[in-house]
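Worksheet: one structure, shown below.
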Amino acid sequence: MKIIKTKNYQDMSRKAANIIAAQVIQKEDSVLGLATGSTMLELYDDLVSRYRAGDLDFSKIRSVNLDEYLGLHPSNPQSYRYYMDQNLFNNINIPVENTYLPKGMVDDADMECAAFDALIESLGGIDLQLLGLGLDGHIGFNEPGDAFIKESHCVLLNPSTIKANSRFFEHEDDVPRHALTMGMGAIMKAKAVLLCVNGKAKAPILKQVLYGPITPRV
Ligand code: F6R
């Protein structure tokens, strides 16, 4: 594990973009594991700028996202599909059919999760997985629990996650209570993982992540 301490959010975003850009340049058909959330906004902006400057080509890249809210249609501005389209996919030359997120509008969440894991396998696994960190220590929506869950699964979000994410919704009651998330198996099998964390509020949980015991609670 390599820890890169940066000056500020801009510096973190640029350095993370450097790592993703290097992956895209070195392997033009890479499978990128992507994340949403406020942490990634400037990093995605930076990748778009590099694409517009002619420095990056995403035409052969495949992407799989970590998670999606259950019950949100892709046209809902709070859905993660909408976030990815707006902040990245619509602004680069990745073919939309090469971008995958768990589908939030499904009747059978377990079947969708199994299909999502099969899809990741069929792509040959993830080359570089981008992760943010939740205030409660989650990655993807793998919330603190008693055991690591290897497979993609449907999760009941923690009250603290619902509260943290309510900033994107009009009312806290509008935040979906369930989400579909990639499990720890596909994340840990990724050839490389890039975890980006910023802001004072995350200092205590980051300390636990880096220096505390390895546990499904963090
Ligand atoms: C988002 C995701 C989450 C976020 C985490 C941090 O796809 O998987 O784990 O990375 O909740 O969110 P922000 O960046 O909004 O603090």
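Below is a table of values for the structure above.
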| read-out | value |
| --- | --- |
| Residues of region 129-165 that turn out to be more than 21 Å from G104 (Cβ to Cβ) and either without any contact (Cβ under 8 Å) to a residue 12 or more places away in the chain or away from the ligand (no atom under 15 Å from the Cβ) (or both), as a count | 4 |
| Pair list, Cβ < 9 Å and 6+ apart or interchain, from region 1-24 residues that are in a loop (DSSP other than H, G, I, E, B) to residues that are not aliphatic (A, V, I, L, M) | I4/K15; T6/S13; T6/R14; T6/K15; T6/N198; N8/N198 |
| Any hit, region 22-41, residues being of a type outside the set (G, A, S), closer than 30 Å to L210 by Cα, surrounded by fewer than 17 Cβ atoms within 10 Å (Cβ to Cβ) and within 16 Å of the ligand (Cβ to nearest atom) | yes |
| Residue within region 114-124 that is more than 13 Å from the ligand (Cβ to nearest atom), over 15 Å from M182 (Cα atoms), of a type in the set (A, V, I, L, M, F, W, C) and in contact with a Ser or Thr (Cβ under 7 Å, 6 or more places away or on another chain) present | no |
| Hits in region 173-205 - residues which are aliphatic (A, V, I, L, M) and assigned to a strand (DSSP E or B) | A179, L180, A192, V193, L194, L195 |
| Matching option when the condition is in contact with a Pro (Cβ under 8 Å, 6 or more places away or on another chain), among the aromatic types (F, W, Y) and surrounded by fewer than 21 Cβ atoms within 10 Å (Cβ to Cβ), among Y82, Y51 | Y82 |
| Selection within region 42-68 - in contact with a Phe, Trp or Tyr (Cβ under 7 Å, 6 or more places away or on another chain) and within 15 Å of the ligand (Cβ to nearest atom) | E42, S63, V64, N65, D67, E68 |
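Read the figures in this text as sums done on the coordinates, not as results from a lab. Here the structure is a predicted model, which means the values were calculated and not measured. A quick note on method: Cβ atoms are made from the backbone with ideal geometry, for glycine too, and the neighbour counts reach across all protein chains shown.
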